[in-house]
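**Q** One structure, as structure tokens, below. Some questions next.
Computed from the coordinates by the stated procedures, all read-outs in this text should not be read as laboratory data. As the structure is a prediction and not an experimental result, all values here were calculated from the model. Heads up, the Cβs are rebuilt from the backbone with ideal geometry, glycines too, and the neighbour counts pull from every protein chain shown.
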Amino acid sequence: MADGLTDTERFLSKLIIPDNPNACWGWKGSTFGFGYGRLSLAAIEYGGKMRPVGAHRFSWEHHNGPIPKGLFVLHTCDNPPCCNPRHLWLGTIQDNNLDCIKKGRRPRNKLGVTKQDCEDTRRSVLKKLGVKQRQDGQTTVLRKHSPMPSVKSLRKTGRDRHGFPKKS
Ligand SMILES: [Zn+2]
């Protein structure tokens, strides 16, 4: 797979940069779903295997430095393959969702439920359980919620498994 190019050279070779500095930059390389440019990095730590990254993300890092953990590179131009650093900004997943709504890009399923609706429900359930969701999607238990009392312990207190006093 090695093409003898550095990651930066490979990135630059796939760009289409128009004369107008404010116009979107095109991407000649392959793309991910949703149209984001796909750039293969020849990172040595991946055992010589090429690692695909979003071209817009690479562009951001190329021009601005490393992307802080948990942040996403978003487009002001709503043009996924665009790599013009002037059109890229850093935001959270919430920013991305808000951005999608603003631009009317909020996909709904057949029932009219958006992914965000599902996520909201998931979040409220997690919150009730005392579980905090981190930016990377992993969950952390914030406080130990009391486990369901065992039937045996309830029998002792004279309550049924729903916590109601038992009718003797
Ligand atoms: Zn653009």
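**Q** Determine the shape class of the stretch 7-102: with a ≥ b ≥ c the square roots of the Cα gyration tensor eigenvalues, call it rounded for a/c under 1.5, and otherwise prolate if a/b is greater than b/c, oblate otherwise.
**A** oblate
**Q** Here's something else I'd like to know. Using r as the Cβ-Cβ distance of residue 6 and residue 102, and R0 as 25 Å, what FRET efficiency do you calculate, to the nearest 0.05?
**A** Between residue 6 and residue 102 the formula returns 0.10.
**Q** Using r as the Cβ-Cβ distance of residue 13 and residue 76, and R0 as 35 Å, what FRET efficiency do you calculate, to the nearest 0.05?
**A** 0.90
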